[in-house]
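Below is one structure, written out as structure tokens, with a few remarks after it.
Values quoted throughout were computed directly from the atomic coordinates according to the rules given, and no laboratory measurement underlies them. Just so you know, these numbers come straight off a predicted model, no measurement behind them. Here Cβ is always computed from backbone atoms with ideal geometry, including for glycine, and neighbour counts include all displayed protein chains.
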Amino acid sequence: MYGNIGTDDPETIESYLKRLPRNAVVVNLGCGPNITRDLHHLARALWRFQFHSTLILADLEIELIKDQVWVPGPAKVRVLAVNAATATQQLGKASADLVVAFGLFGDLSHSTTPKGTGKAAWPAVLCECFELLKSTGAIIVGNSCERQPFEEFKPVLEMAGFSVLHYHESAPIHDSSICGGRRYLAVCRKRDKRAGRNGQRRSPLRRSSQRVRDRKT
Ligand SMILES: C[S@@+](CC[C@H](N)C(=O)[O-])C[C@H]1O[C@@H](n2cnc3c(N)ncnc32)[C@H](O)[C@@H]1O
């Protein structure tokens, strides 16, 4: 469908696609280079629900999808080589209305941050998602089986400044999935209302590390 997600997920995902404003920007972070059919489904859904939007398909690996023609699709589709931990450098802060990340956090590459990967890189990537989103934006996260237990993931989401609006679990949509465990889908919004320069907000995690640096200098 839209990725390696759960059977109950398309309905929730579509409910957010349907309410996108005109000229919305949707970022599929860690979109995957080898699920072309699913990415075409997402492009088609945007064509149906909000044609006047931009879909950004972002992954470290884009070789297999960079020359695709996304028809039917929304007005603009961009395929970009992006590291999720530094995504705002290319995409800009407060630029996205919706970020979807299916299976990304359980499969973060070793090159994600210099300090580490796996769970150690969740805060850096979630802070980046926070800063990538507009104040009214939302992130929809799907898991990668046992590598992303929600009881461990949720506190990091909250520390990065998100609150969880919706959570459900269902069976994997692809029977042949290597990772056969139940899937979860969490929809989160930015919790923190304080705006920084240009209306952008820093993730609370980034603000507290900045304070520690300020105290040292
Ligand atoms: C398990 S796959 C999920 C692919 C797809 N979203 C799906 O639903 O099947 C994880 C994807 O995340 C990408 N990825 C891993 N680390 C990344 C990073 N730091 N920045 C961007 N993409 C990354 C991988 O290249 C891979 O395509």
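How would you rank 205, 55, 17, 165, going from fewest to most other Cβ atoms within 10 Å of each one's own Cβ? Walk me through the intermediate numbers first.
On the way: 205 18, 55 27, 17 22, 165 11.
Ascending Cβ contact count within 10 Å gives the list 165, 205, 17, 55.
Listed here are the pairs 76/119; 18/76; 66/115; which of them are more than 26 Å apart at the Cα?
Working: 76/119 33 Å; 18/76 17 Å; 66/115 29 Å.
Cα-Cα > 26 Å for 76/119; 66/115; rest within.
Starting from 0.36 nm per residue, how many nanometres of slack lie between residue 182 and residue 51 once their C-alpha separation is accounted for?
That pair, residue 182 and residue 51, stretches by 43.9 nm at full extension.
From the helices alone, meaning DSSP H stretches of at least four residues, give me the mean residue ellipticity at 222 nm for the chain, per-run term -39500 (n - 2.57), in deg cm²/dmol to the nearest 500.
Roughly -8500 deg cm²/dmol at 222 nm, from the helical runs in the chain.
³J(HN,Hα) across the range 40-47 via Karplus (A = 6.51, B = -1.76, C = 1.60, θ = phi - 60°), whole Hz, x for Gly/Pro?
Values, residue by residue: 5, 4, 5, 4, 5, 5, 5, 4 Hz.
Tabulate in residue order the Karplus-calculated ³J(HN,Hα) for the range 74-81, using 6.51 cos²θ - 1.76 cosθ + 1.60 with θ = phi - 60°, rounded to whole Hz; enter x for Gly and Pro.
In residue order, the calculated couplings are x, 3, 10, 10, 10, 10, 10, 7 Hz.
May I ask for the net charge around residue 17, where only other residues with Cβ less than 15 Å from the Cβ of residue 17 are counted and Lys, Arg are +1 while Asp, Glu are -1?
Local charge sum for residue 17: 0.
Tell me the label-point distance for the pair residue 18, residue 115, using the 7 Å Cα-to-Cβ offset, in nm and rounded to one decimal.
With each label placed 7 Å out from Cα toward Cβ, I get 4.1 nm.
Net charge around residue 113, counting only other residues with Cβ within less than 14 Å of its Cβ (Lys, Arg = +1; Asp, Glu = -1)?
Charge balance near residue 113 sits at +2.
Can you compute the charge dipole magnitude of the chain about its Cα centre, using +1 on each Lys and Arg Cβ and -1 on each Asp and Glu Cβ, nothing else charged? Give it in debye, rounded to the nearest 20. Mind showing how you got there, number by number?
Working: 31 positive and 21 negative charges, 289 e Å.
Dipole about the Cα centre, nearest 20: 1380 debye.
Two decimals, Cα atoms only, Kirkwood Rh: what is Rg/Rh over the range 1-116?
0.94
So what is the relative contact order of the chain, in percent, for Cα pairs below 8 Å that sit 6 or more residues apart?
21
Can you order the peptides 123-135, 100-112, 75-87, 56-68 by their average number of other Cβ atoms within 10 Å per residue, highest first?
Working: 123-135: 23.7, 100-112: 20.8, 75-87: 18.8, 56-68: 17.1.
Put in order of decreasing packing, that is 123-135, 100-112, 75-87, 56-68.
Please list the non-local residues whose amide H lies under 5 Å from the amide H of residue 6, H modeled 1.01 Å from N, same-chain partners needing a gap of 5 or more.
Sorted by chain and number, the residues that satisfy this are 173.
What number results when the radius of gyration of the chain, computed over Cα atoms, is divided by 2.2 N^0.38 Å?
In units of the globular-protein estimate, the chain measures up at 0.97.
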